[in-house]
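Let me begin by presenting the structure, written as structure tokens, before commenting on it.
The values are calculated or read from the model by the stated rules, or taken from the named source; none is laboratory data. Treat the numbers as computed from the prediction; the structure is a model and nothing was measured. With ideal geometry, Cβ positions are generated from the backbone for all residues, glycine too; neighbour counts draw on all protein chains shown.
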Protein chains: 2
Amino acid sequence: MNELTGSHPLVDGRTTTSSLVRAIQGVRGAHTPVWFMRQAGRSLPEYRALRTGRDMIECCLDPATAAEITCQPVRRHGVDAAVFFSDIIVPLKLAGVPVELVAGRGPVFAEPARTAADIATLRRECTVERLRENLAPITEAVRLATDELGSTPLIGFAGAPFTLAAYLVEGGPSKDHMRARTLMHADPAAWAELTAWAAELSGVFLEAQVQAGASAVQLFDSWAGSLSVDDYRTHVAPASRHTLERVNALHYRDAEAEGYTAQPMQVPTIHFAVGSGHLLEALGETAGHAIGVDWRTPLNEANTRLGGRFPLQGNIDPALLQAPQTQLDAHVDDVLAQGEAAPAHIVNLGHGVPPETDPDRLTGIVERVHSARL
Amino acid sequence: MNELTGSHPLVDGRTTTSSLVRAIQGVRGAHTPVWFMRQAGRSLPEYRALRTGRDMIECCLDPATAAEITCQPVRRHGVDAAVFFSDIIVPLKLAGVPVELVAGRGPVFAEPARTAADIATLRRECTVERLRENLAPITEAVRLATDELGSTPLIGFAGAPFTLAAYLVEGGPSKDHMRARTLMHADPAAWAELTAWAAELSGVFLEAQVQAGASAVQLFDSWAGSLSVDDYRTHVAPASRHTLERVNALHYRDAEAEGYTAQPMQVPTIHFAVGSGHLLEALGETAGHAIGVDWRTPLNEANTRLGGRFPLQGNIDPALLQAPQTQLDAHVDDVLAQGEAAPAHIVNLGHGVPPETDPDRLTGIVERVHSARL
């Protein structure tokens, strides 16, 4: 047991002085940390080789494979963090939700949850306890990955409650998530039940990764951008806050021993939502320590709107990864310059690595960021 | 010839005192005008009956059918304006671009324009002159529609240059329009050629509708929301401005006779871009008289960001069309209240009518808006 928190013992201090962890805590170091959303998978030939003939979810649930994919981009690019290789639907699947990933389409749910009755059934059958019982492949993969990663932090991964709930209501990917957005108004009580359940699953999924060795987490909200700020605050933010607060309740085991804080050190969290330029202020109210910004909003503008209170992550436009090197370099320099406005900066793309990306472009970005004069 | 402008004679004065035209000019009247994007088509049974067994583009190019579909929602809902029934790809098709509408997918281009050479070929083969030669079905449909509409204004329709260009570069619908956004950085000169050409096609398409009887126009940018504000200003706004300025050069024939302006009266324009909350200030620089706001940004906030300078159109959330009546009513009242901040307000949805909408909900919105106390 952790004496500071009464919960289970947590991450040891091997990553607490890393550039990533410090940046999320608002501390600038000798260089700006950099990692890439979706760095694990997609564009890497060594990933494709490993995936050949194997289902995505099967790879997520095979500890050796998931750990290997998680570590590949750290070896290749020299990024400052690994991100756990998983999928937004993994905690749902482990909780017993019937869902399949269909190539070229995305997750497809056999039984969409569209009514209060559907949601009650889901909550009764696909419980947090059931998720907990099935988490062994996840925690084992995290252990294997962090064993290799050493002092390089692993970022735990989970989809935000709105994204999970929207998938469940729609039954799969959808444009503008109309059915989900209708339900939050048509039956706010049922919607609250659904998102509270999703928040708990996401929270437990992240907690398990931290307890197994992840040094930080990122909550990914793929679809919050479809919401008005009022809807986000009323119908979504409470659930995302719940997920992040579950992680905020965790502390590094030997935070005091590390000596650069007098308080027990919370496990740092990053909150990222795609297309959320209009939601930035509301994202700042949801208990994340750092805010991820997509490619549409310049970091200096985001910083102003957030009152200068948050370390920012982002926001190289993935479209520039295919542009000539001089344009990409200039853009990276711009992002670094704009990031100087924030208390601290973690360089990332403004969205996931596109599958057709030349991995060398990513390696080049890491080198450029690391050699930038601060 | 129009004595005021030296151009062809334009719309007569039958709609210049309409609530829609006045609102776009910033003048509030006895009631707030209301119409719905995609009101022509989709949700109406009388439209579906007419479309049975017929291709969408075939219907767009059959004057009697296009005029009929254009007028249907005015008859049914009592909206304050018709919007011309067409499709974003129609001017491309009329200019000779090989493109088909594929059901369930959208427009598919046999020959995507991805290089400077592709774009040069496109500009050489698919010219504005070729578009002009093929506009008869459009102008005839507008004439038929406006004959029926009388004092109800017809809003001309065209897709914005970025949306057209993105389709052409991608070869069809795409997420985040990555190839198009890459091209604008990789070869800004070729991109500028492409968007200038698209701007000219859109401008001529709108001009023809106005010269045949449309009283106002709306430029629809479905995809501008994927852009950062810098990219929008540098690589897209000049083209959209060009399209709108072509229409701004047109004036009502008997504007002076109408007596409520001493200046020749420009044909009013509405500029709408989906997901453009982060682009509002930049949209205010592109020569539209009124700005359409999608459902994500409250109108009072949009008005503040636009410096109170623009009549605003919007922004009922389409997701509320399926919610219980009391929620929908409350939302419509909110939109009306928020719209009071702007110099004038045109009620609309924040995006197109979803196909599954019950038409009676739309009729109910019109009644509620018209009976609202100002």
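Taking the condition of being hydrophobic (A, V, I, L, M, F, W, C) and surrounded by fewer than 24 Cβ atoms within 10 Å (Cβ to Cβ), how many residues in the range A:294-309 meet it? Reasoning before the result, please.
Our first condition is that a residue be hydrophobic (A, V, I, L, M, F, W, C); within the range A:294-309, this holds for A:295, A:299, A:302, A:306.
Those still in the list that are surrounded by fewer than 24 Cβ atoms within 10 Å (Cβ to Cβ) too: A:306.
Residues flagged as hydrophobic (A, V, I, L, M, F, W, C) and surrounded by fewer than 24 Cβ atoms within 10 Å (Cβ to Cβ) within the range A:294-309 amount to 1.
With the requirement that a residue be outside any helix (DSSP H, G or I) and more than 14 Å from every other protein chain (Cβ to nearest Cβ), what does the range A:353-367 give you?
Residues of the range A:353-367 that are outside any helix (DSSP H, G or I), as a first pass: A:353-358.
The answer is none; no residue qualifies.
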* How about the range A:192-214: which of its residues are out of contact with any Pro (no Cβ under 9 Å at 6 or more places or on another chain) and part of a loop (DSSP other than H, G, I, E, B)? -> A:Gly213
* Structure fact -> Heads up, the helices (runs of 4 or more DSSP H) in the range B:82-191 (entirely inside) with at least 2 residues that are among the aromatic types (Phe, Trp, Tyr) are B:161-170
* **Candidates A:Arg130, A:Arg123, A:Arg179 - the one that is touching a helix residue (DSSP H, G or I) at 6+ places or on another chain (Cβ under 6 Å), closer than 19 Å to A:Thr243 by Cα and in contact (Cβ under 8 Å) with a residue 12 or more places away in the chain** => A:Arg123
* Structure fact -> Filtering the range B:32-56 down to residues that are in contact with a Leu (Cβ under 7 Å, 6 or more places away or on another chain) and over 13 Å from B:Val83 (Cα atoms) yields B:Thr32, B:Pro33, B:Met56
* What residue, among those in the range A:358-373 that are within 16 Å of A:Asp334 (Cα to Cα) and at pLDDT 95 or above, is surrounded by the fewest Cβ atoms within 10 Å (Cβ to Cβ)? -> A:Ser371
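Conditions tested, residue by residue: (1) over 29 Å from B:Gly104 (Cα atoms); (2) of a type outside the set (Lys, Arg); (3) in contact with a His (Cβ under 9 Å, 6 or more places away or on another chain).
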site: B:Leu135; (1), (2), (3): no, yes, no
site: B:Ile138; (1), (2), (3): no, yes, no
site: B:Leu144; (1), (2), (3): yes, yes, no
site: B:Phe157; (1), (2), (3): no, yes, no
site: B:Gly172; (1), (2), (3): no, yes, no
site: B:Met178; (1), (2), (3): no, yes, no
site: B:Arg181; (1), (2), (3): no, no, yes
site: B:Trp197; (1), (2), (3): no, yes, no
* Only one residue in B:Leu4, B:Leu10, B:Leu20 is crowded, with 21+ Cβ neighbours inside 10 Å, modelled with pLDDT under 90 and either outside any strand (DSSP E or B) or not acidic (Asp, Glu) (or both). Which one? -> B:Leu10
* Examine the range B:240-249 for a residue that is on the phi < 0 side of the Ramachandran plot, within 14 Å of chain A (Cβ to nearest Cβ), β-branched (Val, Ile, Thr) and touching a helix residue (DSSP H, G or I) at 6+ places or on another chain (Cβ under 9 Å), and state whether such a residue exists. => no
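Which one of these is assigned to a loop (DSSP other than H, G, I, E, B) and modelled with pLDDT of 95 or more: B:Thr65, B:Thr32?
Details: B:Thr65 fails: assigned to a loop (DSSP other than H, G, I, E, B).
Residue meeting the stated conditions: B:Thr32.
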* To do: Using the structure shown, decide if A:Ala196 is small (Gly, Ala, Ser), surrounded by fewer than 24 Cβ atoms within 10 Å (Cβ to Cβ), away from chain B (no Cβ under 14 Å) and more than 30 Å from A:Leu144 (Cβ to Cβ).
  => yes
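Among the residues of the range B:216-231 satisfying the criterion of being more than 16 Å from B:Met37 (Cβ to Cβ) and touching a Phe, Trp or Tyr at 6+ places or on another chain (Cβ under 8 Å), which is nearest to the other protein chains (Cβ to nearest Cβ)? Reasoning before the result, please.
Step one: of the range B:216-231, the residues more than 16 Å from B:Met37 (Cβ to Cβ) are B:226-231.
Now narrow it down to the ones that are touching a Phe, Trp or Tyr at 6+ places or on another chain (Cβ under 8 Å): B:227-228.
On the way: B:Leu227: 7, B:Ser228: 5 Å.
Within the range B:216-231, the match that is nearest to the other protein chains (Cβ to nearest Cβ) is B:Ser228.
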* Asked: Hey, among the residues in the range B:279-293 that are buried (at least 24 other Cβ atoms within 10 Å of the Cβ) and within 11 Å of chain A (Cβ to nearest Cβ), which one's farthest from B:Leu219 (Cα to Cα)?
  -> B:Leu279
* Failed condition for A:Arg124, given (1) surrounded by fewer than 16 Cβ atoms within 10 Å (Cβ to Cβ); (2) within 27 Å of A:Ser226 (Cα to Cα); (3) more than 14 Å from chain B (Cβ to nearest Cβ); (4) not aromatic (Phe, Trp, Tyr) -> (2)
* Selected residue [in contact with a Ser or Thr (Cβ under 6 Å, 6 or more places away or on another chain) and of a type outside the set (Phe, Trp, Tyr)] from A:Ala198, A:Ala214, A:Ala208, A:Ala180 -> A:Ala208
* Within the range B:146-158, can one find any residue that is aromatic (Phe, Trp, Tyr), more than 22 Å from B:Ala40 (Cβ to Cβ) and buried (at least 21 other Cβ atoms within 10 Å of the Cβ)? -> no
* Positions within the range A:316-339 being under 13 Å from A:Glu301 (Cα atoms) and touching a Leu at 6+ places or on another chain (Cβ under 8 Å), in sequence order -> A:Val335, A:Gln338, A:Gly339
* To do: Would you please name the residue that is farthest from A:Gln25 (Cα to Cα), looking only at residues in the range A:311-341 that are buried (at least 24 other Cβ atoms within 10 Å of the Cβ) and away from chain B (no Cβ under 13 Å)?
  => A:Gly339
* Yes or no: B:Thr139 within 27 Å of B:Arg14 (Cβ to Cβ) and surrounded by 22 or more Cβ atoms within 10 Å (Cβ to Cβ)? -> no
* Asked: touching a residue at least 60 places away in the same chain (Cβ under 8 Å) and in a strand (DSSP E or B): does that describe A:Val217?
  -> yes
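Test A:Gly171 against the criterion of being buried (at least 24 other Cβ atoms within 10 Å of the Cβ), more than 14 Å from chain B (Cβ to nearest Cβ) and not charged (D, E, K, R), and give yes or no. Give the derivation first.
Details: buried (at least 24 other Cβ atoms within 10 Å of the Cβ): no; more than 14 Å from chain B (Cβ to nearest Cβ): yes; not charged (D, E, K, R): yes.
Here the answer is no, as A:Gly171 does not meet what is asked.
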